[in-house]
Amino acid sequence: MLTRAAAARSLFCPTSSAVAVEIRRHWSSQMATRKIALATFVAAFLAAAPSTAWAQSAFAGIVRDASGAVMPGVTVEAGSPALIEKVRSAVTDENGVYRIIDLRPGTYTLTYTLAGFNTVTRQGVELGSNFTATINVELAVGQLQESITVSGATPVVDVQSNVKQQVLSRDVLDAVPTAKTIQGLGQLVVGVTLNAPDVGGSRAMQQTYFAIRGQGGAKTVVLVDGLMTNGLMGDGAVQAYHNEAMTQEAVYQTAGGSAETLTGGVNMNLVPKDGGNEFHGGFKFAKSPADWQGDNLTDRLRSLGVSGVDRIANFYEVNVEQGGPLVRNTLWFYGAYRKAQYDKPIANTFVTPAGVPFPQGFRDCQNNPGSCEQGVSDEKMDNPVVRLTWQMSEKNKVAAYMDRALRLRGHAMGARTDPRTASVIWNTPTFATGSLKWTSTASSRLLLENGFSFNRERYDNLYQPGILAERNTDDWYRNVRKDDTSTQLLWNASSAQLGNYPDRYNLQSAASYVTGSHNFKVGVMYQWGFFRRYNNANADLYQTYNNGAPLRVTVLNTPLEVQEDLDANLGIYAQDSWNLNKLTINYGARFDYVKQRIVGQTAQIGRFANVPAYDDIVLPVWSNVSPRLSVVYDVTGTGRTAVRAGYNKFVTAATTGFAQLYNPTALTSQQLPWTDINGDDIAQGERGCAYLTPGCEINFTNLPVNFGVRSLAQFDPGLKRPYQMAFNAGITQEVMPGVSVSFEYFRSDFKNITMRSNSLRDINSYDPVDVVSPLDGEVIRVYTVKPAFSSSVANIDSTSSDMKRWYNGFDLGFNARMRRGVRAFGGVNIERSLNNTCVAAASDPNRLAYCDQSESGIPWQKQFKATVVYPLPWYGISVSMALQNLNGYVTGTAAQAYGGFTAGTGFDRPNGLATFWQVTPTMRYAPGCTGPCTPGALVIPNLAASGAATLNVPLVAPETEHTPRINQLDLAMSKRFEFAGISVLPKLDVFNALNSDDYTGVATAQFGAATYHQPSVILQGRIIRFGADVRW
């Protein structure tokens, strides 16, 4: 019996069997070559061990005698229970400098010994992840047996690396009121913005994406124990759903970096738990009763047309973990299992009365508050993880882990969606990551690291039961997706069904050679992967209305099966960190090589598509060299004040997004006018029919002649990989023990930006038309395509030096790690990105509108964040809070994102779109229109002749309209109890404690629409959650 996903593919993809045979043939031939290449790679690099290093913690410093002279030959040992081998050591060089690298976060004891001098022991030094703690020591003449023991303050200023980062230790992870996802934690970091805020796990089942310093989600890199776990989709923007219990520390790097860093976006490293020499376990439980939630459907929201807000009706989560020794000092294990369920009522979404057309039923529900149940997105996840750590010998360690998320969303949907017919069954039976890592401390100076990691995902987006229909039947034409541009309703069916099956594999190897004054690294990272997927849709189209009247259809090139391969993503780097007393110079270079291919397919035929069979298509290969340079100066030589500056080149992330853009069978759509001649509410017509004759209700004039035959865009052979030149400068000062403040400036210039041009059109292919704005009577010039050029589409993507994007930002931050476990971090971020895309108007003059953002008055974005963990001095009570005051979210569409090589990245409208007026061929000026307009006259008289269903007239500059500022305050309180070796920590969390009614999205920016600027994504109301953290 076929699964629903398999049935969908077999029904709508008649060539799927042949395609599968072809894919297997290609796989076999590719794998033979790939196995040879991989065997060569592994043999060469694992033997020689050059390669990619990852984020490491270290101790460094200078040892002197009582006269101030440097002392070579001093043995320095760092011991901690966090090390399975217990102790790491180094010897000071001729300049008295030592450095001990590749240390796990934890509490350390440092011991300094040399014959003829007293032994100095420094206890209780806390070392965080990806941090170089500088500790200088003075030895006095004496005997080895004479020992001086001190409890040293933990350094809080890194005076050797140019990295902007936030480290979240396990005690902070446990105490801070968040859902503990990597996104929910990351949103607390200054400068980071999510595409939608998370309130108590409201976004935990559908990940949100990071933006940082003018860059989007594809520039985010996620590492587990230094090994990449990003997925293949979206050029790596998709991250795994890691079980938070496995994380000992989380490090969020938001600027700077060395040659081992690929992108300039958020780089996070999750340091996993190892287990340890003692058995420890835990059980976590949390629940949010529906009756304990606040109702933030305020009068303000009601006045804006909101009748239902986002909520969490049923939430529970359990997480069990256990770790310990299988063989003491040799083999440790750790495992955890998380189970969670969320039932989320969606804002402005209702279960309408049965038998009533959805638009009418929705109006009835909206006009009679409380008469209808809200539509609920039911979501559940199981999340097991296991890790083994094996100390093979005194100098060799192997660690392996496997993490899997099994996720199901029964009714995934947004606002104003019919839950019965248009929500999506989002089934993810496999979302797995894992790694294998070998570390060898060959000597006190040479460290070798080698690893393998992977990310494999299998998920389908399916219609609700009863929607899927057999091709060319009456139900197939009838059960189509329907939406309304004015009311923003969505009903009858969801968007095209899909199956996404991306695999990404990663090999890394590294060698570090430490002399004290120098820390030299060479590294390599080699990745490959495969991205298979399918799409199908009832009727191969969507139907769109405007206030209930048929407006247009969106035709699709479905059914389709497609695959792109990442043949190679190779990075090789070399770098050195050179310490010259107070000055540290970090310099290096990175070479990146990317090769992608489109896998050949057999012929694929649909209602509007007729793609002939094609062979593999190999895309241009990119090779880039990126220099990295930074300097850090320890102003006083005491490790308390660091001045830093860096200038780095970062290439954009790339997996298969480039290939996806030009795949002949990648999902493609085109909007066409539709007139429902016979009034049966079914869009009729096939390519070549005569518009407005019986059986031909779709105007195919504007359909490109190559639609459904090949990609509508081709690449220029000289297309280059985008990159950014990033400059940063700042100062960090320890103002009191354990407390530091910093001020930083960031500047990025983005280069090699891609421009899309239609090679069959120029300025003479359009007729100018002056439109009078209904907002203020201003005259706005727009352009309609001349009829002779309606179907002339041959887009070429090329690199343009005249496409510009630049970023400026400032951070003022603080970090505190004080006595009794007090922790605090936060600060202020002020930033702005600007674009100039005017050159893209050469083939479409409508792109001239607001194309130079330096003239648009784009406001600076501002945010303030503060997180505090404060154990009270009595009764074992601890309180914590997280405050976020964020800039409102852009309404409409922002200008083209930098370097987005993923289908649908906005290349066709690089100047963005804010409030706009959707003009149809029959639209006329209102009787009371203001400005130089003629009441009752057609707004665009020649629009019908152009074959366009609508033309969007921009009325306001993009990125100047925002939702209100976001204010989110989360609180937590806990009290610890001890019972015969068992620790019980009851906890109470209050998310969105102020019950803010702020919102982050609007239904539409279409002026005059019934839902114009109506809130559609509303901050989750107050959530009270109780739980317990039991440890043994």
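The values are calculated or read from the model by the stated rules, or taken from the named source; none is laboratory data. Just so we're clear, the structure is a prediction, and the values are computed from it rather than from any experiment. In this analysis, Cβ positions are derived from the backbone assuming ideal geometry, glycine residues included, and neighbour counts consider all displayed protein chains.
Couple of notes before you dig in:
One line per residue, one yes/no per condition, for (1) assigned to a strand (DSSP E or B); (2) of a type in the set (S, T, N, Q):
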| residue | (1), (2) |
| --- | --- |
| Arg721 | no, no |
| Ser740 | yes, yes |
| Arg781 | yes, no |
| Leu812 | yes, no |
| Arg820 | no, no |
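- Count of residues meeting criterion [closer than 14 Å to Phe59 by Cβ, surrounded by fewer than 20 Cβ atoms within 10 Å (Cβ to Cβ) and not polar (S, T, N, Q)] in the range 115-133: 2
- Selection status of Leu270, of a type in the set (A, V, I, L, M, F, W, C), within 15 Å of Ser435 (Cα to Cα) and either in contact (Cβ under 8 Å) with a residue 40 or more places away in the chain or assigned to a loop (DSSP other than H, G, I, E, B) (or both): yes
- Checking every residue in the range 637-658 against the condition of being among the polar types (S, T, N, Q), farther than 29 Å from Ser748 by Cα and not in a loop (DSSP other than H, G, I, E, B) gives zero matches.
- Any hit, the range 824-831, residues being at pLDDT 95 or above and in contact with a helix residue (DSSP H, G or I) (Cβ under 7 Å, 6 or more places away or on another chain): no
- Some residue of the range 643-653 being in contact (Cβ under 8 Å) with a residue 60 or more places away in the chain, out of contact with any Asp or Glu (no Cβ under 8 Å at 6 or more places or on another chain) and more than 29 Å from Thr220 (Cβ to Cβ): no
- Restricting Pro964, Pro954, Pro935, Pro958 to those that are farther than 30 Å from Met881 by Cβ and surrounded by fewer than 18 Cβ atoms within 10 Å (Cβ to Cβ) reduces the list to Pro935.
- Options Ala196, Ala153: the member that is closer than 28 Å to Lys273 by Cβ, assigned to a loop (DSSP other than H, G, I, E, B) and modelled with pLDDT under 90: Ala153
- Single match in Ala422, Ala400 (criterion: at pLDDT 95 or above and over 30 Å from Gly226 (Cβ atoms)): Ala422
- Tally of residues being crowded, with 18+ Cβ neighbours inside 10 Å and hydroxyl-bearing (Ser, Thr, Tyr) across the range 429-446: 5
- The range 354-376: number of residues that are touching a residue at least 60 places away in the same chain (Cβ under 8 Å) and either of a type outside the set (A, V, I, L, M, F, W, C) or under 30 Å from Lys339 (Cβ atoms) (or both): 4
- Val562 among the aliphatic types (A, V, I, L, M), crowded, with 20+ Cβ neighbours inside 10 Å and under 30 Å from Gly61 (Cα atoms): no
- Single residue of Ile682, Ile677 found to be touching a residue at least 60 places away in the same chain (Cβ under 8 Å), part of a loop (DSSP other than H, G, I, E, B) and surrounded by fewer than 19 Cβ atoms within 10 Å (Cβ to Cβ): Ile682
- Of all residue pairs spaced 6 or more apart or on separate chains, those with beta-carbon atoms under 9 Å, a first member in the range 202-216 that is within 19 Å of Tyr999 (Cβ to Cβ) and a second member that is aromatic (Phe, Trp, Tyr) are Ser202/Tyr342; Ser202/Phe991; Gln206/Trp426.
- The C-beta contact set for the range 420-437 (first residue assigned to a strand (DSSP E or B), second residue among the β-branched types (Val, Ile, Thr) and surrounded by 20 or more Cβ atoms within 10 Å (Cβ to Cβ), distance under 8 angstrom, 6+ apart or interchain) comprises Thr433/Val224; Thr433/Thr229; Ser435/Val224; Ser435/Thr229.
- Scan of the range 590-618 for residues that are part of a loop (DSSP other than H, G, I, E, B), of a type outside the set (Ser, Thr, Tyr) and surrounded by fewer than 21 Cβ atoms within 10 Å (Cβ to Cβ), ordered by number: Gly600, Ala603, Pro612, Ala613, Asp615, Asp616
- Inclusion of Arg338 among residues that are modelled with pLDDT under 90, surrounded by 16 or more Cβ atoms within 10 Å (Cβ to Cβ) and in contact with an Asp or Glu (Cβ under 9 Å, 6 or more places away or on another chain) is not warranted.
- Positions within the range 791-810 being under 23 Å from the mean Cα position of the chain (by Cα) and either over 20 Å from Ala211 (Cα atoms) or outside any strand (DSSP E or B) (or both), in sequence order: none
- Sole residue being among the hydrophobic types (A, V, I, L, M, F, W, C), crowded, with 20+ Cβ neighbours inside 10 Å and on the phi < 0 side of the Ramachandran plot, chosen from Val398, Val356, Val385: Val385
- Matching residues in the range 523-556 - criterion: being over 28 Å from the mean Cα position of the chain (by Cα) and of a type in the set (Val, Ile, Thr): Thr544, Val553, Thr554, Val555
- Restricting attention to the range 447-466, the residues that are farther than 30 Å from Met246 by Cβ, surrounded by fewer than 20 Cβ atoms within 10 Å (Cβ to Cβ) and touching a Ser or Thr at 6+ places or on another chain (Cβ under 9 Å) add up to 2.
- Residue list for the range 722-767, restricted to those being of a type in the set (Ser, Thr, Tyr) and farther than 30 Å from Val621 by Cβ: Thr732, Ser740, Ser742, Tyr745, Ser765, Tyr766
- For the range 822-842, the set of residues classified as more than 22 Å from Lys751 (Cβ to Cβ) and crowded, with 20+ Cβ neighbours inside 10 Å consists of Arg823, Phe825, Gly826, Gly827, Asn829, listed by residue number.
- For the range 985-1005, a residue qualifies if it is buried (at least 16 other Cβ atoms within 10 Å of the Cβ) and either of a type in the set (Lys, Arg) or farther than 20 Å from Leu1019 by Cα (or both), and the qualifying residues are Leu985, Lys987.
- Unique residue being free of Cβ contacts under 8 Å to residues at least 12 places away in the same chain and of a type in the set (A, V, I, L, M) when the list is Val735, Val785: Val735
- Residue in the range 719-753 that is nearest to Ala659 (Cα to Cα), counting only those that are β-branched (Val, Ile, Thr) and crowded, with 20+ Cβ neighbours inside 10 Å: Ile753
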